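Novice: Handing you this structure, nothing more for now.
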Amino acid sequence: MLGFPEMRLAGLRGLMVTALAEGDREAALAQARTANGLPRTAPWAWRALLEDRLEAADWKAALDLVASALDRKAVSPLVAERARAALLSATAAGLEASPEPDHRAQALDYALQAVKQQPAFAPGVVMAARLLAAEGKAARAGAIIEQAWKGHPHPALWLAYRDLRTHETKAARAARVAALTALNPMARESRFLEAERALLLGDYSAARAAAVL
């Protein structure tokens with residue numbers, strides 16, 4: 001079967017499945033690597049190799065696999081952007097936790113790259129905002145959260161936005177809640193924020209009304 005070019009991918013996939021069934025992970029990955037190196041695209045081989053690198057937390061290798069898959073048109077640009085955003089965010093998280101002082105700067109660079117790929121991807125936005133705030137750039141951090149809220153509100157975005165200012169009056173926080181809500185007023189998460197704003201102002205009737213919408 002492997003001697004016929006048109007059947008080779010199918011043969012390699014069969015060998016990979018057989019190796020997995022026998023518990024031979026390395027042999028299965030070897031078949032996936034061979035298939036991934038052929039001129040014809042093999043999304044199943046790419047996914048197997050990507051999953052292996054994700055399990056190993058080898059973000060750089062995973063990013064390289066995404067780039068090569070995009071170059072070969074094995075994945076769509078949208079899928080590649082989402083994958084890159086997730087992998088860049090994971091890379092940033094690992095660097096942020098490092099004791100090396102220069103790693104935080106690298107973490108911020110990766111987090112901002114993630115935001116560039118997917119401006120509404122909450123993990124990347126939150127990571128970038130936290131690192132920017134740590135450098136005293138709260139205004140820029142707030143701006144990227146606001147942009148993300150416009151596109152895809154997420155509770156983590158509000159928590160990050162809230163934590164940009166930890167010493168403020170209830171009235172000031174209520175005003176910031178209202179400003180964020182106004183960026184995407186019809187979203188479910190914005191309605192929850194409206195309830196929180198009302199609670200901050202002691203307007204319990206309005207809070208109940210917002211909560212049941």
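The values are calculated or read from the model by the stated rules, or taken from the named source; none is laboratory data. In this text the structure is predicted, and so the values were computed from the model without any measurement. All Cβ positions, glycine included, derive from the backbone under ideal geometry; neighbour counts span all protein chains shown. Heads up: the accessible areas ignore ligands, DNA and RNA and are worked out on the full protein's heavy atoms, side chains in. Shrake-Rupley method; radii C 1.70, N 1.55, O 1.52, S 1.80 Å.
Novice: Quick one: which of 114, 133 is closer than 25 Å to residue 83 by Cα and assigned to a helix (DSSP H, G or I)? It would help to see each step written out before you state the result.
Specialist: Numbers: 133 fails: closer than 25 Å to residue 83 by Cα.
The unique qualifying residue is 114.
Novice: Right, another one. Among the residues of region 191-213, how many are within 20 Å of residue 152 (Cβ to Cβ) and open to solvent by 40 Å² or more (accessible area, probe 1.4 Å)?
Specialist: Adding up the residues that qualify gives 5.
Novice: Something else: If we keep just the residues of region 137-160 that are basic (Lys, Arg) and without any contact (Cβ under 8 Å) to a residue 12 or more places away in the chain, which is most open to solvent (accessible area, probe 1.4 Å)?
Specialist: Our first condition is that a residue be basic (Lys, Arg); within region 137-160, this holds for 137, 140, 150.
From what's left, without any contact (Cβ under 8 Å) to a residue 12 or more places away in the chain: 137, 140.
Working: 137: 89, 140: 120 Å².
Among those that are basic (Lys, Arg) and without any contact (Cβ under 8 Å) to a residue 12 or more places away in the chain, it is 140.
Novice: Considering region 21-50 alone, what residues qualify as being β-branched (Val, Ile, Thr) and over 17 Å from residue 61 (Cα atoms)? Lay out the reasoning, then the answer.
Specialist: Here is the first cut: in region 21-50, the residues β-branched (Val, Ile, Thr) are 34, 41.
Result: 41, single match.
Novice: Let me ask something else. In the set 80, 85, 69, 62, which member is touching a Lys or Arg at 6+ places or on another chain (Cβ under 6 Å), under 30 Å from residue 103 (Cβ atoms) and open to solvent by less than 20 Å² (accessible area, probe 1.4 Å)? Step through it out loud before you land on a result.
Specialist: Numbers: 80 fails: touching a Lys or Arg at 6+ places or on another chain (Cβ under 6 Å); 85 fails: touching a Lys or Arg at 6+ places or on another chain (Cβ under 6 Å); 69 fails: touching a Lys or Arg at 6+ places or on another chain (Cβ under 6 Å).
Unique residue meeting the criteria: 62.
Novice: Same structure again: Residues of region 179-190 being crowded, with 16+ Cβ neighbours inside 10 Å and not in a helix (DSSP H, G or I), which ones?
Specialist: 183, 184, 187
Conditions (1) in a helix (DSSP H, G or I); (2) within 26 Å of residue 94 (Cα to Cα); (3) over 29 Å from the mean Cα position of the chain (by Cα), marked per residue:
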| site | (1), (2), (3) |
| --- | --- |
| 8 | yes, no, yes |
| 12 | yes, no, yes |
| 31 | yes, no, yes |
| 35 | yes, no, no |
| 45 | yes, no, no |
| 52 | yes, yes, no |
| 61 | yes, yes, no |
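Novice: List every residue pair whose Cβ atoms lie under 7 Å apart, where the two residues are 6 or more positions apart in sequence or sit on different chains, the first residue falls within region 61-83 and is within 20 Å of residue 119 (Cα to Cα) and at pLDDT 90 or above, and the second residue, located anywhere, is open to solvent by less than 70 Å² (accessible area, probe 1.4 Å) and part of a loop (DSSP other than H, G, I, E, B).
Specialist: 81/118; 82/118
Novice: Just to verify a result, which residue in region 117-130, among those that are open to solvent by less than 70 Å² (accessible area, probe 1.4 Å) and more than 11 Å from the chain's Cα centre (by Cα), is nearest to residue 86 (Cα to Cα)? Explain how you work it out, then say what you get.
Specialist: At the first step, the residues of region 117-130 found to be open to solvent by less than 70 Å² (accessible area, probe 1.4 Å) are 117-122, 124-129.
So of that shortlist, the ones also more than 11 Å from the chain's Cα centre (by Cα) come out as 128-129.
On the way: 128: 13, 129: 16 Å.
Filtering region 117-130 for residues that are open to solvent by less than 70 Å² (accessible area, probe 1.4 Å) and more than 11 Å from the chain's Cα centre (by Cα), the one nearest to residue 86 (Cα to Cα) comes out as 128.
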